[in-house]
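**Student:** This structure is in structure tokens; I'll ask about it shortly.
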Amino acid sequence: MIAETVCSAVSAAGLGIAAVTAYRKRFLSAVRIAAYSLVPVGLVMTGVVGWAADTAFSPTAWAGFVVLGGAWLLFLTTRAVERRRGGTRKERKEARAAAGREAVAPAASAPSLGQSTRPAARPAPAPRANGSSEDFSDIEAILKKHGI
């Protein structure tokens with residue numbers, strides 16, 4: 001009963017703050033505050049607050065949470081070991097079998113020394129008539145130094 005009263009008071013205070021925010025012409029923030037302030041009332045109306053209060057004082061529920069945490073920890077541990085080893089036993093066996101076969105053509109493994117993929121340097125732009133080339137000469141020098 002006290003939890004429902006507290007949730008209702010929190011929601012009423014939140015709706016009051018939302019009204020003041022809307023009065024200040026900040027409608028998007030006011031709607032967001034109103035949405036957050038309606039959550040406690042919604043939780044009370046759906047019964048989640050009563051369930052949480054019953055769960056908080058139940059030793060059986062806490063033992064269940066401990067078991068769930070242990071299962072989650074075991075699951076994460078096995079996933080970490082699996083990633084470190086490179087997959088399951090079946091996946092490792094398939095990888096060894098694939099390594100035994102030639103996966104690439106013999107000529108494909110030789111590096112090609114053709115044209116580089118780096119774009120050609122662009123020519124410097126013509127200086128402007130109003131004298132701004134003097135203003136940016138140090139910037140242009142830095143850009144040229146870095147190949148930009």
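**Student:** Quick one: length gained pulling T60 to S29 fully straight, 0.36 nm per residue minus the C-alpha distance?
**Tutor:** 7.0 nm
**Student:** What is the spread of the Cα atoms of region 1-100 along each of their three principal axes, largest first, in whole Å?
**Tutor:** Reported extents, whole Å, longest axis first: 74, 42, 17.
**Student:** At a 1.4 Å probe radius, which order do R85, R26 fall into by accessible area, largest first? Could the numbers behind the result be given before it?
**Tutor:** Values: R85 160, R26 140 Å².
Descending accessible area places them as R85, R26.
**Student:** Would you give the gap between the C-alpha center of region 5-35 and the C-alpha center of region 58-99, rounded to a whole Å?
**Tutor:** 45
**Student:** Rounded to the nearest 0.05, what FRET efficiency do R84 and V39 give with R0 = 35 Å and r taken as the Cβ-Cβ distance? Could you check?
**Tutor:** Numbers: r = 41 Å, r/R0 = 1.18.
Efficiency computed from Cβ-Cβ geometry: 0.25.
**Student:** Next question. Tell me, what is the 1.4 Å probe accessible area of K93, in Å² to the nearest 10?
**Tutor:** 140
The values are calculated or read from the model by the stated rules, or taken from the named source; none is laboratory data. Because the structure is a prediction, the values reported are computed rather than measured. Reconstructed Cβ throughout: ideal geometry from the backbone, glycine too, with neighbour counts over all protein chains shown. In case anyone asks, the SASA skips ligands and DNA or RNA and just uses the protein heavy atoms, side chains included. Shrake-Rupley method; radii C 1.70, N 1.55, O 1.52, S 1.80 Å.
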